[in-house]
There are 2 protein chains.
Amino acid sequence: MAMEWLIAEDNPKDRAFLADLLSDRALRLATNGDEAFQIASSLAEPMVITDLQMPKLNGIEFARRLWRHSPQARIVFWSQHKDEMYVRSLAKIIPAETVYGYVLKDNEPTPLRKAIETVFLEGQCWIDPQLRPIQARTQSRNEAINDFEYEVLVDISLGLTDMMIAQRRYLSRRGVQNRLQSLYVKLGIDQERIAGDMGEAINMRARAVAMALQRGLINAYELQEEEHRFKQWLERQDSKASDNRL
Amino acid sequence: MAMEWLIAEDNPKDRAFLADLLSDRALRLATNGDEAFQIASSLAEPMVITDLQMPKLNGIEFARRLWRHSPQARIVFWSQHKDEMYVRSLAKIIPAETVYGYVLKDNEPTPLRKAIETVFLEGQCWIDPQLRPIQARTQSRNEAINDFEYEVLVDISLGLTDMMIAQRRYLSRRGVQNRLQSLYVKLGIDQERIAGDMGEAINMRARAVAMALQRGLINAYELQEEEHRFKQWLERQDSKASDNRL
DNA sequence: TCAGGTACTGTGCATATCCGCAGGTCTTGT
DNA sequence: ACAAGACCTGCGGATATGCACAGTACCTGA
């Protein structure tokens, strides 16, 4: 019985490209994270190629659930993005001794196929060399962004004030500022020397967002996801405020 | 004599994909905007498929120069991005009566080829339907971002203070704030109703950046380009300050 | 046990952001 | 000629941001 490989990819062109490249294998296709999880969890030994940005359940969350369900699953992340946020998220969910891959979409067909076979057939991890410096940064004591710092980065990226963040995260204003200060250090902003003729040159908050964008710690797609989460949180606050009025 | 089509694309996988799709035509290949311009300007009737994000000379600037050199050139922009910043930039450089196309990279091979042929062989414009709402927005009186607003958006996205922007743009601080206010209106932030329990919920500046990211008015790639431009400007300021000291 | 590190809180203060009010200049359309 | 619109400047004031100083609690490693 042929071992089926699953392709989880919402972009029709990319899905077709990959299905064509691997047309000599038995394939299953999924167009979103939910569907991918349904299929993968029904396979004895899941072999999955997955995008990271997908509707319903993104690639990271899909992988986390699958690895909880089937720790021996082999997953190749095939992404446009070498964004640090993904590298960081992955590092937190990968089970010990897991065989996985992270391949960038700018790879041509032959090296792409080779990478996939390395993971699925040879049982070796395959990490795109372009990701090396990014992985290094996620492991550096001075530069790695911890969960508190990441959380407050998301909050300022949404445009929230200190007081709103404090409310959202059950902190004091000063607590928010501590996290921000810590973040600014990790992003290297506290050391920047940019002089203006009159007054300060740099707004720390906005500068942090700029550096984070350039470093791939946030991106427009994920910011939209976070916007959605924030809106849901607001709605929960509103109904709690209504309940308190009764 | 066969009419050559030029493919300008820095991503090797995408370049190969397109060269393969159009392998029955005479093709020239370029890996950056500079090279693309050299080739295209030597063709009698340039037929170009170009990416937007390319080293040395981005797709927009390449097109602007080519259209100045050869106004009859036919250009198909083939991009990952339906970002408003690109739609906006294009609208400002397209010569009257030009035949061009804007195709998103998520199109599968057959519709992609059809779009290219529509532009090159039939002489009709082809705009990806996914871009309709974005084009509408760039033409709406209430939502279209003008050059002043765009400029100050870039500045705050870099993390500059009002006073630094004032210095950079030869304005008063109040002039900067006027532009910002105008921008906030266009982004709809002035109308947002987000209530916090204590104090303001929203930091306008950061919120503007968040909305602009989600709307594709700025993105990480272009922010890096702008970062580079700002650094160059800073260096020029420094040497001017040294000159004044003599 | 003790010291160091991490994460938090409160207070105070200087500066930046945001915005209202008032006024000015220039361009365009009627 | 005049009015409206676009864009600018100065001033004043309320609030937010950023940071210094001081202190607390908890965890971990020696």
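The values are calculated or read from the model by the stated rules, or taken from the named source; none is laboratory data. As the structure is a prediction and not an experimental result, all values here were calculated from the model. Note: ideal-geometry Cβ built from the backbone for every residue, glycine included; neighbour counts use all protein chains shown. Keep in mind that these areas ignore ligands, DNA and RNA; they rest on the heavy atoms of the full protein, side chains included. Shrake-Rupley method; radii C 1.70, N 1.55, O 1.52, S 1.80 Å.
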Give the cross-link partners of A:Lys114 among the lysines, using a straight C-alpha distance below 23 Å as the criterion and excluding same-chain residues fewer than 8 apart. A:Lys13, A:Lys82, A:Lys105, B:Lys13
Peptide B:191-204, shielding by other chains (average Cβ, 10 Å cutoff): 5
Do any trypsin sites (Lys or Arg not before Pro) in region A:140-169 lie in a DSSP loop with no more than 13 other beta carbon atoms within 10 Å, and if so, which? A:Arg141
List every residue whose amide H lies under 5 Å from the amide H of B:Ile127, counting only residues 5 or more places away in sequence or on a different chain, with H placed 1.01 Å from N in the peptide plane. B:Tyr102
Shortest first and in nm, the label-point separations between A:Ala144 and its counterparts in the other identical copies (7 Å out along Cα→Cβ) come to 5.1
Checking a compactness column here: for chain A, what do you get for Rg(Cα) / (2.2 N^0.38 Å), N being the number of residues? 1.17
Hey, what did region B:5-139 get for relative contact order, percent, Cα under 8 Å, at least 6 apart? 20
Keeping all protein chains in place and using 1.4 angstrom, which order do B:Tyr100, A:Tyr86 fall into by accessible surface area, from largest down? B:Tyr100, A:Tyr86
Rounded, prolate or oblate: pick one for the protein assembly as shown, where a ≥ b ≥ c are the square roots of the eigenvalues of its C-alpha gyration tensor, a/c under 1.5 means rounded, and failing that, prolate if a/b is larger than b/c, else oblate. oblate
Per-residue mean of C-beta atoms belonging to partner chains within 10 Å, peptide A:140-153: 0
Go from 0 up to the bin containing the longest alpha carbon distance in region B:81-182, width 5 Å each, and give me the % of pairs per bin. 2, 11, 17, 16, 14, 12, 9, 8, 6, 4, 1
Quick one: in region B:61-124, what % of C-alpha pairs are over 19 Å apart? 32
Suppose we keep just the DSSP beta bridges with both residues in the protein assembly as shown; what percent of those would be antiparallel, to 5? 5
Relative contact order %, chain A, counting alpha carbon pairs below 8 Å whose residues are six or more apart: 13
Region A:161-203, Cα convex hull volume normalised per residue, Å³: 74
Selected from A:Ala136, A:Ala201, A:Ala212 as most flexible by GNM, with chain A as the system and alpha-carbon contacts under 10 Å: A:Ala201
Rg/Rh for region B:5-139, where both radii come from Cα atoms and Rh is the Kirkwood radius: 0.92
In a solvent-free Debye calculation with one equal scatterer on each Cα, what is log10 I(q)/I(0) for region A:146-246 at q = 0.21 Å⁻¹, listed in the order of the q values? -1.12
Compute the semi-axes of the equivalent ellipsoid of region B:1-66, taking the square root of 5 times each eigenvalue of the Cα gyration tensor, and list them largest first in whole Å. 18, 15, 7
